[in-house]
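The values are calculated or read from the model by the stated rules, or taken from the named source; none is laboratory data. As the structure is a prediction and not an experimental result, all values here were calculated from the model. In this analysis, Cβ positions are derived from the backbone assuming ideal geometry, glycine residues included, and neighbour counts consider all displayed protein chains.
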Amino acid sequence: MRFWKLFVFVTCMALIIGLSSCASAPKVDWTLTVSGAGNKSFSYADLVAMPQTDLTDILMEKSLGEDETASWSGVALQEIFTQAGVTDFSTVTATAADGYAIEISKDELEGGIVALKKDGDWITKAEPDKGPIRLVCPETPANRWVFQVQELTVNP
């Protein structure tokens with residue numbers, strides 16, 4: 001009996017914590033589309049509700065200015081690709097809201113996330129000009145990360 005009470009208590013606390021973290025998310029009108037070898041769109045609210053991955057103390061190798069270390073939280077690219085029906089690919093073309101696009105290899109995307117938070121703060125608040133979401137690839141120099149990413153075109 002004692003085990004079940006503890007189990008119910010822990011389960012309830014996990015739900016409360018999970019719901020409160022979603023409730024604190026900013027309301028943002030943003031859509032991330034996966035196209036090409038997969039096909040699905042995710043609203044900002046969808047991304048917030050998905051399992052979150054933390055990347056701690058990631059070196060941002062910048063092409064201009066000094067390198068910086070930051071921690072990021074967001075949805076693993078693997079999770080996004082799985083939900084979009086992507087089974088295999090060689091590269092992904094990431095396109096930003098301003099039309100900037102860059103092709104990134106599968107190897108460079110290893111461990112990557114679509115970040116919603118930087119150093120514990122929502123990107124929309126911490127860096128409004130670079131949010132609300134950002135592609136963060138720890139195996140790639142930061143000048144290849146895409147902020148305000150709107151589309152991931154998966155290339156076979």
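Please determine whether any residue of the range 123-133 is assigned to a strand (DSSP E or B) and touching a strand residue (DSSP E or B) at 6+ places or on another chain (Cβ under 9 Å). Walk me through it before giving the result.
Going residue by residue through the range 123-133, those that are assigned to a strand (DSSP E or B) are none.
Within the range 123-133, not a single residue is assigned to a strand (DSSP E or B) and touching a strand residue (DSSP E or B) at 6+ places or on another chain (Cβ under 9 Å).
Among residues belonging to the range 138-156 that are among the polar types (S, T, N, Q) and in a strand (DSSP E or B), point out the one that is farthest from Thr53 (Cα to Cα). Step through it out loud before you land on a result.
Applying the first criterion (among the polar types (S, T, N, Q)) to the range 138-156 yields 140, 143, 148, 150, 153, 155.
So of that shortlist, the ones also in a strand (DSSP E or B) come out as 150, 153, 155.
Working: Gln150: 20, Thr153: 22, Asn155: 24 Å.
Restricting to residues being among the polar types (S, T, N, Q) and in a strand (DSSP E or B), the top hit is Asn155.
Out of curiosity, is Leu47 outside any helix (DSSP H, G or I), of a type in the set (A, V, I, L, M), closer than 12 Å to Leu116 by Cβ and modelled with pLDDT of 95 or more? Quick ask: steps written out before the conclusion?
Working: outside any helix (DSSP H, G or I): no; of a type in the set (A, V, I, L, M): yes; closer than 12 Å to Leu116 by Cβ: yes; modelled with pLDDT of 95 or more: yes.
So Leu47 does not fit the description; no.
Restricting to the range 91-146, and then to whatever is of a type in the set (Gly, Ala, Ser) and within 12 Å of the chain's Cα centre (by Cα), can you tell me which residue is nearest to Asp46 (Cα to Cα)?
If we filter the range 91-146 for residues that are of a type in the set (Gly, Ala, Ser), which is where we start, we get 94, 96-97, 99, 101, 105, 111-112, 115, 120, 126, 131, 142.
Among the residues that remain, those that are also within 12 Å of the chain's Cα centre (by Cα) are: 111-112, 115, 131.
Values: Gly111: 20, Gly112: 18, Ala115: 13, Gly131: 16 Å.
This residue is Ala115.
Which ones in the range 119-150 are of a type in the set (Val, Ile, Thr) and in contact with a Ser or Thr (Cβ under 8 Å, 6 or more places away or on another chain)?
Going residue by residue through the range 119-150, those that are of a type in the set (Val, Ile, Thr) are 123-124, 133, 136, 140, 146, 149.
If the condition is that a residue be of a type in the set (Val, Ile, Thr) and in contact with a Ser or Thr (Cβ under 8 Å, 6 or more places away or on another chain), then Val146, Val149 are the ones that fit.
Could you list, in sequence order, the residues of the range 63-104 that are small (Gly, Ala, Ser), modelled with pLDDT under 95 and not in a loop (DSSP other than H, G, I, E, B)?
We begin by selecting, within the range 63-104, every residue small (Gly, Ala, Ser); these are 63, 65, 70-71, 73-74, 76, 84-85, 90, 94, 96-97, 99, 101.
Next, only the ones that are modelled with pLDDT under 95 stay: 63, 65, 70.
The one that is small (Gly, Ala, Ser), modelled with pLDDT under 95 and not in a loop (DSSP other than H, G, I, E, B): Ala70.
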